[in-house]
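**Student:** Let me give you the structure first, and then I'll get to my questions.
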Amino acid sequence: MIGAAALLFGMAAHREHQPPPEQLDHFVIGRHTFFDFGPPFHYYELLFVSRNGTGSSVERITLTPAVDECWRPAVIEVASGSIPVSPETLFGKTNPCTIPEKELLKEQKRCKKCLVFSGANIAMQVQCGTQTRIVRSHILDRDMFDPHANTPEHTSWKMELLAQLERGLGPSVMDKPMFAMPDEDGAQTPDPNLPALQGISRGEFDVLFQGAPDKPSDLYRAAQIPHGIPTVRLTSSSPSQPIVFSLPPYAPIGKLAHVEGRVSFTVEVDAKGAVVYVSLVSGPPILCKSVESSVYGWKFPEGDFGREFQVTLEFALNCPHPVK
């Protein structure tokens, strides 16, 4: 009798800890991915999942710390999509509310003394009855890159879940270009009125990134700081101005190296005003290279054959902070 009562009590307790299906209609996953190559070396993602008819809608917000406050500030990117799978189907046979904490901690400590160069820290926030639970996992570089990594059960389940959520969202941080130069990623400013972004700004999801170098709320605020756009302008041309000209691009390596200043040069033109010779006089070498190739397409007024023109271009980073 005592054994039977204990068994029934245990079954009842188990049922009490299992949330009803409707409470699993939405959940949030925070992922801090880090690499030993870069910059950037760290990426922060939040995936918001909610029921959408018979499927699920997914919104991913990626926050990337500033690589350089002058030309590559903190960036926020938003992607959204849907998958024809309900939240309960996404979980499969695993209920995140009933995974023993002891098993989760064991998986997190499986490689305490290993050298880990890249990986991801995952935290799922899910409503379990009247309680909010955070289920954490550590994904090692071997889990990401080794097909025979022998990844533990719950960590493997989390990786498979993330793979399903990523479908239809476009490139993730794993697909971003290594050592991306300025203006190469094409990130656009998202709508600050998005509920998820407002929650991030209030620090509601900072708890999902315990131990990470940055907080999502701090990255959100950093991304709101206006940053200057590097410019190139013609400051002088003597004895006359060109009538057709295209300013040279600001060399990406010049932005990276915080190089700005003036480039002075002389040009000679033919009878039709086309530039036939360019001679660099002064200026940072990194900026001079793009100047020479661009100036050969310039055109000055006709009738100035053999005339020499003195020209100066100014390259400015327009950085909101003093260039060190």
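**Student:** Just to be sure, is Thr312 assigned to a strand (DSSP E or B), touching a residue at least 60 places away in the same chain (Cβ under 8 Å) and exposed (fewer than 13 other Cβ atoms within 10 Å of the Cβ)? Spell out the reasoning first.
**Tutor:** Numbers: assigned to a strand (DSSP E or B): yes; touching a residue at least 60 places away in the same chain (Cβ under 8 Å): yes; exposed (fewer than 13 other Cβ atoms within 10 Å of the Cβ): no.
So Thr312 does not fit the description; no.
**Student:** Taking Thr94, is it within 18 Å of His138 (Cα to Cα) and among the hydroxyl-bearing types (Ser, Thr, Tyr)?
**Tutor:** Values: within 18 Å of His138 (Cα to Cα): yes; among the hydroxyl-bearing types (Ser, Thr, Tyr): yes.
Judged against the criteria, Thr94 is a match.
**Student:** Next question. Scanning for something of a type in the set (Phe, Trp, Tyr), closer than 16 Å to Pro284 by Cα and in the same structural domain as Gly303 (by TED's automatic domain parsing), does the range 238-248 turn up at least one residue? Give the derivation first.
**Tutor:** Step one: of the range 238-248, the residues of a type in the set (Phe, Trp, Tyr) are 245.
Cutting the leftovers down to closer than 16 Å to Pro284 by Cα gives us none.
The answer is no; no qualifying residue exists.
**Student:** Let me spell it out: the conditions are (1) at pLDDT 90 or above; (2) under 30 Å from Asp191 (Cα atoms); (3) of a type in the set (Gly, Ala, Ser), and Ala274 meets all of them except one. Which number is the exception?
**Tutor:** (2) is the only condition that Ala274 fails.
**Student:** Something else now. Looking at the range 86-117 only, could you name the residues that are of a type in the set (A, V, I, L, M), modelled with pLDDT of 90 or more and part of a loop (DSSP other than H, G, I, E, B)?
**Tutor:** The one that is of a type in the set (A, V, I, L, M), modelled with pLDDT of 90 or more and part of a loop (DSSP other than H, G, I, E, B): Ile99.
**Student:** Being exposed (fewer than 13 other Cβ atoms within 10 Å of the Cβ) and touching a strand residue (DSSP E or B) at 6+ places or on another chain (Cβ under 9 Å) narrows it down to one residue among Gly273, Gly283, Gly228, Gly211; which is it?
**Tutor:** Details: Gly273 fails: exposed (fewer than 13 other Cβ atoms within 10 Å of the Cβ); Gly283 fails: exposed (fewer than 13 other Cβ atoms within 10 Å of the Cβ); Gly228 fails: exposed (fewer than 13 other Cβ atoms within 10 Å of the Cβ).
Exactly one residue qualifies, and that residue is Gly211.
**Student:** Sort out which residues of the range 54-74 are modelled with pLDDT of 90 or more and in a strand (DSSP E or B), and write them in order of number. Break it down into steps so the answer makes sense when it comes.
**Tutor:** Residues of the range 54-74 modelled with pLDDT of 90 or more: 55-65.
Those that are modelled with pLDDT of 90 or more and in a strand (DSSP E or B): Gly55, Ser56, Ser57, Val58, Glu59, Arg60, Ile61, Thr62, Leu63, Thr64.
**Student:** Looking at (1) more than 30 Å from Glu302 (Cα to Cα); (2) among the polar types (S, T, N, Q); (3) in contact with a Lys or Arg (Cβ under 9 Å, 6 or more places away or on another chain), which is the one condition that is false for Gln224?
**Tutor:** Unmet for Gln224, out of (1) more than 30 Å from Glu302 (Cα to Cα); (2) among the polar types (S, T, N, Q); (3) in contact with a Lys or Arg (Cβ under 9 Å, 6 or more places away or on another chain): (3).
**Student:** Kindly check whether there is at least one residue in the range 8-27 that is at positive phi, outside any helix (DSSP H, G or I) and at pLDDT below 90. Full working, then the answer.
**Tutor:** If we filter the range 8-27 for residues that are at positive phi, which is where we start, we get none.
No, the range 8-27 contains no residue that is at positive phi, outside any helix (DSSP H, G or I) and at pLDDT below 90.
**Student:** Here's a follow-up. Select from the range 50-70 the residues that are in contact (Cβ under 8 Å) with a residue 40 or more places away in the chain, surrounded by fewer than 23 Cβ atoms within 10 Å (Cβ to Cβ) and in contact with a His (Cβ under 7 Å, 6 or more places away or on another chain) and list them in ascending order.
**Tutor:** Within the range 50-70, Pro65, Glu69 qualify.
**Student:** Same structure, new question: Between a first residue in the range 110-139 that is among the hydroxyl-bearing types (Ser, Thr, Tyr) and a second residue that is at pLDDT 85 or above and assigned to a strand (DSSP E or B), which pairs have beta carbons less than 7 Å apart while being 6 or more apart in sequence or on different chains?
**Tutor:** Once the first residue is among the hydroxyl-bearing types (Ser, Thr, Tyr) and sits in the range 110-139, its partners that are at pLDDT 85 or above and assigned to a strand (DSSP E or B) give Ser118/Phe34; Thr132/Gln125; Ser137/Ile122.
**Student:** Could we say that Pro100 is in contact (Cβ under 8 Å) with a residue 60 or more places away in the chain and either within 20 Å of Gly129 (Cβ to Cβ) or surrounded by 15 or more Cβ atoms within 10 Å (Cβ to Cβ) (or both) here?
**Tutor:** On the way: in contact (Cβ under 8 Å) with a residue 60 or more places away in the chain: no; either within 20 Å of Gly129 (Cβ to Cβ) or surrounded by 15 or more Cβ atoms within 10 Å (Cβ to Cβ) (or both): yes.
So Pro100 does not fit the description; no.
**Student:** Only one of (1) in contact with a Lys or Arg (Cβ under 8 Å, 6 or more places away or on another chain); (2) under 23 Å from Phe205 (Cα atoms) fails for Ala74. Which number is that?
**Tutor:** Of (1) in contact with a Lys or Arg (Cβ under 8 Å, 6 or more places away or on another chain); (2) under 23 Å from Phe205 (Cα atoms), only one is false for Ala74: (1).
The values are calculated or read from the model by the stated rules, or taken from the named source; none is laboratory data. No experiment lies behind these values; they were computed from the predicted model shown. Ideal geometry is used to build each Cβ from the backbone, glycine not excepted, and the neighbour counts take in all protein chains shown.
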